[in-house]
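Okay, so here's the structure we're looking at.
Just so it is clear, none of the values below were taken in a lab; they were calculated from the coordinates. Fair warning: this is a prediction, and the values are worked out from it, not measured in the lab. Cβ: placed from backbone, ideal geometry, glycine included. Neighbour counts: every protein chain shown.
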C-alpha cells in the first residue's frame, strides 16, 4: 500500500515507490486514470508526477480522512491497475548541431562521447512522458541512456531559447517557451506536438540546414 | 459591456485576476488568481458580485485611472490613500464613480496589494475559462496572453447595474486585517515534515524571518539567521501546493504562491493556512515574519468557514 497523506489543506498525496521508473510511473497514471473515471463528487483535480499523485478535493464535500479512506479502498483491490493504452507515439525532429546546442561540447567532454554519438544515443530510445510540469506543456521524458547521463548545471541559465532540447541525468525535455533552465542543452526542435502523460516520444535527427528550412516555413 | 476605466498609470504591477484557472495542474498550468484571497473575496461580496468576478490586483499602489462611465467600485486589500478626484475614499466599502472622475490608489506604508473591483466584474479574454493573469505562462489578462495591465489600457465591465442600497455592505471593522511591519503565519505539517528534525521544527517557529525582496507572484523567499537543514537525499519532483514552504539547499524558506510551478523538487516542511497565504501576500520586503505550528484540522476548519461564507464553489 503506497503512502497516502494530507499534502495540503485541500489535498491528499499518494506516493508510490520513491524511484523514477516506468513501472512506478505506470501505477501513477493508472491510479489517476481510474480516479478520473470514477469521478467522486469531492474530486477537483489530480496532479500526477513521477511516483506520486496529488488529489485536490472540495473541502465542503469531504475531509482528508474520507478521501484517504476512499483512495485506500480503491488501492486495496486490482480494479485500478488496468494496463493503460500506451499513449500516442510522437516523432519530433531535433537538430543537434553545435549552433543550436550550447552544451554539446561540455556533454561530450563529460561523457567521452562524440557529438555524433550523443545525437545517436539521444535519438534512439522511445521515451515516455512521465509527467507535465514546471511550465505549461513542459513534458518530463525518460529514460535517457546511462552513457549520456549528465547532471544539471550548477547555475541555471537565465534564458533557455524556446524549443531547446535538454538532458539532466535520466530525464530529457523540450523547453516549450524561453525560460530560465538548468538542464544541458544538446539540440533544438522547431516544432513539437502537445504531449500528454504516458505518451511516447522518439526524436529524429535533422541537419542544421533542414532545421533552418523548417524555421522559415 | 461598458468601457469603465482608462489606465493612466499602472504602477509597479497591475494584473487582471479572477479567482483562478483550475483543473489544469496536470498539464503544467498553474492557477494564478488573487494573492490575497480574503481581500479579493470581500471586494466581490461588497459589490454583490459573483465570487469569481475579475478585479485588478494593484501591487504597491501608484495606480491611476480615468473613469469613462458611471459605475460602482470598491477597493480592498492594503494600500495607501484611495482618492477619487483627490477626495479620500473609504476602502472596504462600495462607492459610486462618474464619467470623468479620476481614481488614484496610492502606495501605503505597510501592505503590498490592493484590489480594485467594479460591480459586474472586469472583462478579459478568457483562456481555459479564466482571465487570471499568469505572466510566466503567457496566459490570462485583458488579451489572454499573460500581459499585465498597462498605461492606456481600457477596461470594460461585464455588466453595469445601477447602484442599489444593498451595496453598502462593508465588513465589520474587526474583520478587516490591520497590516503592520510584522506578521505571524500559521503553518501545518505536511510532506517531508517528519524527515526534518524536531530541532528544525522548533527553529522554524522560534526565529524571526524577514520577507526578502526576492519575491513575486510565484513565491516569497524568507531570510532567517539560522538555516533549516535537510539531512537526506534530494527528493523526486512532486506536486507543489500553493502555500508550500520549500527548504532549498541554503536552508532559507521559499513559500510558494499563486503563480508557482506545478511540480517542485525541494523538500517541504509544511504548508501555510489560508489566512497565512493572505497575510504573506501583504508582506512587502522587510516585513518581519514568524511561523506558528497549527494542527491541520484548524487550517481545514478555517478554509471551510471562509469558502462557505463567500460561497466559493466549483
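A few remarks follow.
- Two-site FRET efficiency, residue B:6 against residue B:109, from Cβ-Cβ distance with R₀ of 30 Å, rounded to 0.05: 0.60
- Residues in segment B:40-58 that a label on residue B:150 would reach, taking backbone N under 20 Å of a point 7 Å out along Cα→Cβ: B:56-58
- Estimated [θ] at 222 nm from DSSP helical runs (n ≥ 4, -39500 (n - 2.57)) normalised by residues in chain A, nearest 500: -7500 deg cm²/dmol
- Potential extension, residue A:158-residue A:196 segment - 0.36 nm per residue separation minus Cα distance: 11.0 nm
- When each of A:81, B:31 is scored by the number of other beta-carbon atoms lying within 10 Å, the sequence from fewest to most is A:81, B:31.
- Spin-label model distance (nm) - residue B:70 vs residue B:129, 7 Å beyond Cα toward Cβ: 3.6
- Segment B:175-314, relative contact order in percent, only Cα pairs under 8 angstrom and at least six apart counted: 36
- Global form of segment B:224-294, assessed from the alpha-carbon gyration tensor, a/c cut-off 1.5: oblate
- With contributions of -39500 (n - 2.57) from each DSSP H run of at least four residues, the per-residue ellipticity at 222 nm computed over chain B stands at -4000 deg cm²/dmol.
- The alpha-carbon atoms of chain B define a convex hull whose volume equals 121 cubic angstrom per residue.
- Orientation-averaged projected area, Cα convex hull of segment A:17-157 (nm²): 11.2
- Computed over chain B: relative contact order in percent, which uses C-alpha pairs under 8 Å that are six or more apart: 20
- With a cut-off of 19 Å on the backbone N, the residues of segment A:146-172 near the modelled label site 7 Å out from residue A:117 along Cα-Cβ are A:146-151, A:167-170.
- Pairwise centroid distance, computed over Cα atoms, of segment A:1-42 with segment B:15-32, Å: 21
- Whole-angstrom gap from segment B:267-303 to segment A:139-174, using each part's C-alpha centre: 34
- Shape of segment A:94-217, Cα gyration tensor, a/c cut at 1.5: rounded
- Relative to one another, the C-alpha centroids of segment A:47-103 and segment B:98-149 are positioned 33 Å apart.
- Taking Cα atoms only, the orientation of helix A:64-75 departs from the longest principal axis of chain A by about 70 degrees.
- B:287, B:76 arranged by Cβ crowding within 10 Å, fewest neighbours leading: B:287, B:76
- If R0 equals 45 Å, the separation of the Cβ atoms of residue B:172 and residue B:231 corresponds to a calculated FRET efficiency of about 0.40.
- A viscosity of 1.306 mPa s and a temperature of 10 °C, combined with the Kirkwood radius over C-alpha pairs in the Stokes-Einstein formula, give the protein assembly as shown a diffusion coefficient of 64 µm²/s.
- Residue order, fewest to most surrounding Cβ atoms within 10 angstrom, among B:238, B:302: B:302, B:238
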